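Presented below is the structure to which this report refers.
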């Protein structure tokens, strides 16, 4: 009889799993899209709203606050009339871009396209 030690694969605290940890920070429907839209430039709230038309103002504002709390996005306020707010990636946020580019590359494959067509 062969015995296997499954306790090494069991994760008591899901945040000890690196994938779970990463997804708890950038997971969800909108965060990866927001990060990708900001990418390597400074973007205003209104422009993000144009780039992601399916997101509501409230959800966009909440997601940006979370990304800012994680220090992935920097919010800059300009004391002008009308007031201007811009968002840009921090160094931590920029470190995610290669991962998001790889996800985008996979999303462009026939495998991903086939999965989507089979589900519809």
Helices (runs of 4 or more DSSP H) (entirely within the stretch 31-90) containing at least 3 residues that are in contact (Cβ under 8 Å) with a residue 40 or more places away in the chain and closer than 28 Å to residue 21 by Cβ: 31-38
Test result for residue 42, loosely packed, with under 14 Cβ neighbours inside 10 Å and in contact with a strand residue (DSSP E or B) (Cβ under 9 Å, 6 or more places away or on another chain): yes
Flag if residue 76 is surrounded by fewer than 13 Cβ atoms within 10 Å (Cβ to Cβ), modelled with pLDDT of 95 or more and in contact with a strand residue (DSSP E or B) (Cβ under 9 Å, 6 or more places away or on another chain): yes
Residue check, residue 63 within 23 Å of residue 102 (Cα to Cα) and either surrounded by 14 or more Cβ atoms within 10 Å (Cβ to Cβ) or touching a strand residue (DSSP E or B) at 6+ places or on another chain (Cβ under 8 Å) (or both): yes
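The values are calculated or read from the model by the stated rules, or taken from the named source; none is laboratory data. Computed from a predicted structure; not experimentally measured. Counting neighbours? That spans all protein chains shown, and the Cβs are built from the backbone with ideal geometry, glycine included.
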